[in-house]
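The structure appears below as structure tokens.
The values are calculated or read from the model by the stated rules, or taken from the named source; none is laboratory data. These figures come from a predicted structure and were not determined experimentally. Using ideal geometry, Cβ is built from the backbone for each residue, glycine included, and neighbour counts are taken over all protein chains shown.
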Amino acid sequence: MSGLINYVSCGVLWLGLVVKAPDLMRHRSDPYLRAICVVLGLAGACFFLGAPPTVGAVNRISGVPNLAAPLTYASITAYSAAALILIVYWRGGPHVHRTTRRWVVAYACVLVGIAGTFALGDAPVERRTDLDTYYATTPFIAEMIVLYLAGHLVAAVVTMVSSLSWARHVRGWLRAGLVTLGIGTLCNAGYSVTKLAAVAARWSGRDWSGLGTTVSTAAAGLGALTTVTGILIPLLGPRLTQWHSSRRAYARLEPLERELDDVLTRRALRLPRPRWSSPTTRLIWRRTSIHNALGHLDALFDRGLYDRTREAALADTGGDPEQAEAVAWAAVITVAVREEEHRAGPLAQAAGTGWIADRTPGPDALVRIADALASSPLVAAARVCGATTSGSA
């Protein structure tokens, strides 16, 4: 089980990177999208490089005891900087590029410092999980440890403060993402604080290595996953909302399509049903089929019935014009469907032709018409009258 959680977390993060990669290929010049991909990639690298089996493999292959330590510390530092830069791009402003350059330069210096202090220090005994506390008093290695932890803590605190302060001024998915991001960076700060506490305890002669190997590891894992979740929420949230809205509208249109089903089938007006498609695509397919049927029935729409039903519906609905129009449409549609059933040949282009072109119901109106078909007593009465008239004819 050693390292399993690290590898699973890495896989999840890199899967997110794979999902975003096509967008990055299409929009290479988008700095925000580049920052998101860098954050996903580096967050996964932190988990991968920090796994004990990976640490052992890197040290063994390189022949340098504890070489995995500066590599892991560098990935953690770079990830912290990338998350901070992402917030800068996300929020925008007149000085975004200048601010970004400053943070890039600052953390590039931190990375150089990590490499330099490791090269100057001496860490001959391999430590896969507790290097921070084991070498906390070793010259240059101790400086390397403090440097990466301080850099990580600064980035986490600045990101947390920026995201939570910005969240107070926005709403919706963006606010949810910022709050989640703030919680994630708070956990990241907890990683640095617990590590620094364990190192400081080592300086004073106490052994708090368990704090640096258990609590800090849990804080890092939770922080990275929560931070990435916060980043993805504003990207995926609107899409989920659209899918839910499309799925709901698709379901509500079912009574109207069912009413038109015989016309659509006999006259071959329905397009092939899309398979393995998104809710939005299925909704467009259903709307298109409905509009095809309405266009076919145009010559049979009874304008007088529409006007009479609309006046009656206005009285029943307390003067709601949109609901009254929906009831009127539902009435003329159900009567036209029953009249069309008794016509074997194509419909003549009667005087009604062209009316549908001027009054084509919009997407929201179609949903209201479908609701009226299912619930309005005026539509039920028109359906009975239409069936009687058609039968006597």
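Assorted remarks:
- Test for S216: is it crowded, with 18+ Cβ neighbours inside 10 Å, outside any loop (DSSP other than H, G, I, E, B), at pLDDT below 85 and among the hydroxyl-bearing types (S, T, Y): yes
- Look at (1) out of contact with any Cys (no Cβ under 9 Å at 6 or more places or on another chain); (2) under 30 Å from I36 (Cα atoms); (3) not hydrophobic (A, V, I, L, M, F, W, C) and you find that T226 fails only one, number (1).
- Selection over the range 1-44 of residues that are at pLDDT 85 or above, under 20 Å from T185 (Cα atoms) and among the aromatic types (F, W, Y) gives a count of 1.
Each row is one residue, and each column tells you yes or no for (1) at pLDDT 90 or above; (2) within 19 Å of the chain's Cα centre (by Cα).
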{"position": "R239", "(1), (2)": "no, yes"}
{"position": "E254", "(1), (2)": "yes, no"}
{"position": "E257", "(1), (2)": "yes, no"}
{"position": "P274", "(1), (2)": "no, no"}
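- Answer from V18, V12 - the residue that is out of contact with any helix residue (DSSP H, G or I) (no Cβ under 6 Å at 6 or more places or on another chain), farther than 16 Å from S80 by Cα and without any contact (Cβ under 8 Å) to a residue 24 or more places away in the chain: V18
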